[in-house]
Amino acid sequence: MTTPPPVSTLARLIPRLYRGGQAYIGVEATLAGLSAEQAAQVPNGVPHSVAGLLSHINWWNTWMLDIIETGAPMPYPKHADDTWPEVSAEGWDNLKTGFYALLSRIDGHAARPDLQNPVNHDETIGELLADFALHTAHHFGQIIVVRQLIGAWPPPGGGDTW
């Protein structure tokens, strides 16, 4: 009987960065119980709603996954505004469905043996996977703050309240 190869640290860490771990609540729980109207609300002094942040996350996650899955380099957007699609309360359910579909596409890539292969200019598959997870985690921190500002935190299943 052969022993399977060990799972890399990256393969174990990446899903925790967006699914949650010991340090923070996962993305599913962070979005739980949020109505479409709440998701579209932009609090005073903050530039984006939860829906706006999730739309931006989806834009970049799609961009990175397309590169990882096709191996074809893609140019960076010319302007940051290009990565913030318009959102509305009516599109909230589709936005969440799209986000979860992107997450399901990423899981198998974290254990790939070719993580050091360059795919986009000087970026490797592993670097894009790390960017995917870190960018998602970064903006989910902002989503929690927006939820706090609109009085929609913690989610129904609980969550850190500090």
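Values in this text are rule-based calculations from the coordinates and carry no lab data. Since we're looking at a predicted model, the values are computed, not measured. Methodologically, a virtual Cβ is constructed for each residue, glycine included, from the backbone with ideal geometry; neighbour enumeration extends over all protein chains shown.
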**OP:** Could you list the residues of segment 128-155 with an amide nitrogen less than 20 Å from a label point located 7 Å from the Cα of Arg16 in the Cα-to-C-beta direction?
**Re:** 128-141
Subject >> Neighbour-count ranking [beta-carbon atoms within 10 angstrom, fewest first] of Leu134, Leu34, Leu103 >> reply: Leu134, Leu103, Leu34
Original post:
Taking the Cα centre of the chain as the origin and placing charges on Cβ (Lys, Arg +1; Asp, Glu -1), which of Tyr100, Gln38, Gly20 is farthest toward the positive end of the dipole?
Top reply: Gly20
Subject >> For the chain, calculated [θ]222 nm from helices alone, where every DSSP H run of n ≥ 4 adds -39500 (n - 2.57) >> reply: -16000 deg cm²/dmol
**OP:** Could you please rank Thr124, Thr9, placing first whichever residue has the fewest other Cβ atoms within 10 Å of its Cβ?
**Re:** Thr9, Thr124
**OP:** Could you please report the charge total around Gly26, scoring K, R as +1 and D, E as -1 over all other residues with beta-carbon less than 9 angstrom from its beta-carbon?
**Re:** +1
Subject >> Where the Cα pairs of segment 39-149 fall when distances are cut into 10 Å bins, in % >> reply: 14, 43, 30, 12, 1
Original post:
At what distance in angstrom do the alpha carbon centres of segment 88-121 and segment 143-157 lie from each other?
Top reply: 24
